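The values are calculated or read from the model by the stated rules, or taken from the named source; none is laboratory data. All values reported here derive from a predicted model rather than from experimental measurement. Cβ placement follows ideal geometry from the backbone for every residue including glycine, while neighbour counts extend to all protein chains displayed. What goes into the accessible areas is simple: the full protein's heavy atoms, side chains included, and nothing from ligands, DNA or RNA. Shrake-Rupley method; radii C 1.70, N 1.55, O 1.52, S 1.80 Å.
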Amino acid sequence: MLTEETKNIVKATIPVLEEHGTEITSAFYQHMFEAHPELLNVFNKTNQKLGRQQTALAQTVIAAAKHIDHLEAIIPNVNQIAHKHRALEIKPEHYPIVGENLIWAIQHVLGDAATPEIVAAWTETYGVIADVFIQMEAALYDEADWQGFVPFKVVAVKEESPEIKSFTVQSDAVQLKPVKAGQYITVKVHPEDETNDALRHYSICSVDTTHGLKFAVKRDVAGEERGMVSNYLHDHVKVGDEILLSAPAGEFLVETDNKDLVFISGGVGMTPLMSMLEDEVDKRSIKFIHSAYNRDAVPFKDEITKFHNNSNVEFFFNYSESEGRLTKEKLSRIINGNEEIYMCGSVGFMEGMLEIFSDMGIDRSRVHFEPFGPKMSITV
Ligand code: HEM
């Protein structure tokens, strides 16, 4: 239990943390990787370069400080992060490493302003926050379909669109269970020209694992750092090859069962929603809105054709090349405001949609989303 004095010190440091949050976490990462270069095998180098992880961690620490009297308020965020941590094999023994380096960074950036009292209060508070994560992650390890990264053989590769491929994998060591719709798997590869392992999450395309576990990967054409793993999978991994996978994870799941659904996806964001569609389509009415550059870029055409005959689902396609972006006007013609909305796409796409929903007066509690990239970097 934290004392009132400790809590007060932590609360009093919130403005300083907000001012220096990103600076502190940047210094933290640099210092930690110098002392523990093995952790470069777990962290996403692209997120580091783009500053995404720094923002995410800084925001989480500040959120925790703001809610220090009732840490349960940050549980939904912790749950989402804990799923990622479990998928990446983050273990209790990693937490003191992060803690020591975070405290060092606070001292380093704040200098004399970081009094022994402030340092002691934050050390204690970090311990309490870390315990929340560790406990939640222990439960996720217990319920995981398998432990650690296990070799899977690629049994099918399909070009779903010019930029998106699906990979179906099987393993003799794992008896696959049906997947929870909306979850992702985590792939570990070691590209030949890289010093470290690289881990990435990819959404699962189908809840049915009878013929293997199928996930989708979009080639990234944006630059050399981005898409390191995606492009490796696209260019080098073929049927018969082995890749390492940790068990399905993620809490982007359909939670209500009595409301009509709206699915909205941008690009490869269609993937988890296809799993959800498969799972929900016989239970209720679904409007599926997909935004793509043009018709060619739409993935999963075979599945879409199959679902077209189901009267419960209605598809709406927006082609930005010819029609521009999805707008409030377009969405207002489709959504009546009483549905539960699930969406997936890039961080920018999510932010755009959230702004439109706010303009439309749609209650945020009805909007569930999973961006590619840290969820907490979404600022809308
Ligand atoms: C991801 C917070 C401890 C490794 C994240 C994310 C947040 C976060 C907010 C982004 C989640 C998202 O993608 O939406 C925290 C907090 C921690 C903590 C508040 C301590 C209380 C740790 C520890 C490790 C770790 C101990 C391992 C040394 C990672 C990795 C990612 C991640 C590898 C994936 C993102 C990337 O690679 O860029 N964490 N974390 N975290 N965390 Fe933690």
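Read phi for every residue in region 135-151 and hand back ³J(HN,Hα) as whole Hz from Karplus 6.51 cos²θ - 1.76 cosθ + 1.60, θ = phi - 60°, with x for Gly and Pro.
For region 135-151, the Karplus-derived couplings read 5, 5, 5, 4, 5, 5, 4, 4, 9, 5, 5, 8, 9, x, 8, 10, x Hz, x marking Gly and Pro.
Between the alpha-carbon centers of region 322-360 and region 99-156, tell me the distance in whole angstrom.
Taking the Cα centre of each part, region 322-360 and region 99-156 sit 35 Å apart.
Enter the accessible area of residue 303 (Å², nearest 10), with the probe set to 1.4 Å and all protein chains included.
40
If you roll a 1.4 Å probe over the heavy atoms of the protein chains, what accessible area per residue do you get for the chain, in Å²?
It amounts to 47 Å² per residue over the chain.
Over 29 Å between Cα atoms, which of 218/259; 91/214; 188/259; 7/188; 66/218; 91/165 qualify?
Cα-Cα > 29 Å for 218/259; 188/259; 7/188; 66/218; 91/165; rest within.
Could you derive backbone 3J(HN,Hα) for region 275-280 from the dihedral phi with the Karplus parameters 6.51, -1.76 and 1.60 (θ = phi - 60°), listing whole Hz in sequence and x where the residue is Gly or Pro?
Per residue, the Karplus-derived 3J(HN,Hα) values read 4, 5, 4, 4, 7, 9 Hz.
Loop only per DSSP, at most 12 neighbouring Cβ atoms within 10 Å: give me the trypsin sites (Lys or Arg not before Pro) in region 258-304, ordered by residue number.
Answer in residue order: 283.
Pick from 74, 204, 341: which residue has the top mean-square fluctuation in a GNM of the chain where Cα pairs under 10 Å get a spring?
Its mean-square fluctuation being the largest, the pick is 74.
Near the amide H of residue 209, under 5 Å away, which other amide H atoms are found, from residues 5 or more places off or on another chain, if H is placed in the peptide plane?
For residue 209, the qualifying residues are 179.
I need the shape label for region 171-325. Rule: rounded when a/c is under 1.5, else prolate if a/b > b/c, else oblate, with a, b, c from the alpha carbon gyration tensor.
Numbers: a/c = 2.19, a/b = 1.35, b/c = 1.63.
Oblate, since a/c reaches 1.5 and b/c is not below a/b.
Counting only residues 5 or more places away or on other chains, whose amide H sits under 5 Å from the amide H of residue 146 once H atoms are built in the peptide plane?
Counting only residues 5 or more places away or on other chains, the set is 247.
Given charges of +1 on the Cβ of Lys and Arg and -1 on the Cβ of Asp and Glu, with all other atoms neutral, how large is the dipole of region 234-380 about its Cα centre, in debye to the nearest 20?
In debye, rounded to 20, region 234-380 gives about 380.
Please report the antiparallel percentage of the DSSP beta bridges confined to the chain, to the nearest 5.
For the chain, the DSSP antiparallel bridge percentage is about 55.
Straight-line reach from residue 153: which aspartates and glutamates fall under 20 Å, measuring Cα to Cα and dropping same-chain residues less than 8 apart?
Within the straight-line cut-off, residue 153 pairs with 145, 172, 192, 197, 208, 235, 241, 242.
Would you report the distance distribution of C-alpha pairs in the chain as whole percents per 20 angstrom bin, up to the bin with the largest distance?
27, 56, 17, 0
Test of understanding: express the Cα radius of gyration of region 1-156 as a ratio to 2.2 N^0.38 Å, with N the residue count.
Numbers: Rg = 16.5 Å, N = 156, 2.2 N^0.38 = 15.0 Å.
That works out to 1.10 for region 1-156.
Pairs of alpha-carbon atoms within less than 8 angstrom and 6+ residues apart define the contacts here; what relative contact order does the chain have, in percent?
16
For region 282-294, just list the computed ³J(HN,Hα) in residue order, Karplus coefficients 6.51, -1.76 and 1.60, θ = phi - 60°, integers in Hz, with x standing in for Gly and Pro.
Result, rounded to whole Hz: 8, 9, 6, 7, 10, 9, 10, 9, 10, 10, 9, 5, 7.
Quick one: how many Å² of residue 208 are accessible to a 1.4 Å probe, rounded to 10?
Only protein atoms counted, so the area is about 80 Å².
If you average the C-alpha positions of region 1-21 and of region 208-278 separately, how far apart do those two centres end up, in angstrom?
39
Please determine, in degrees from 0 to 90 and to the nearest 10, the orientation of helix 347-359 with respect to the longest principal axis defined by the Cα atoms of the chain, where the helix direction is its Cα long axis.
Computed tilt is about 80 degrees.
About the Cα centre of the chain, how large is the charge dipole given +1 on each Lys and Arg Cβ and -1 on each Asp and Glu Cβ? Please answer in debye to the nearest 20. It would help to have the intermediate numbers written out before the result.
On the way: 35 positive and 57 negative charges, 199 e Å.
The calculation lands at about 960 debye.
Going through region 107-198, which GluC sites (Glu not before Pro) have at most 16 other Cβ atoms within 10 Å and a DSSP loop state?
Taking region 107-198 and a limit of 16 other Cβ atoms within 10 Å, the loop GluC sites (Glu not before Pro) found are 192, 194.
Say we join alpha carbon atoms closer than 10 Å with springs in a Gaussian network model of the chain; which of 35, 87, 292 then has the biggest fluctuation?
Looking only at 35, 87, 292, the biggest GNM fluctuation is shown by 35.
Say the dipole of region 215-314 comes from +1 at the beta carbon of Lys and Arg and -1 at that of Asp and Glu; which of 272, 293, 252 then lies farthest toward its positive end?
About the Cα centre, the residue reaching furthest to the positive side is 293.
With the full set of protein chains in place, find how many percent of the accessible area of region 284-374 is carbon and sulfur; take the probe as 1.4 Å.
Whole-percent figure for carbon plus sulfur exposure: 45.
If the elastic network links every pair of Cα atoms under 10 Å, which of 279, 145, 363 fluctuates the most in the Gaussian network model of the chain?
363
Using modelled amide H (1.01 Å from N, peptide plane; none on Pro or chain starts), what sits under 5 Å from the amide H of residue 313, excluding residues fewer than 5 places away?
286
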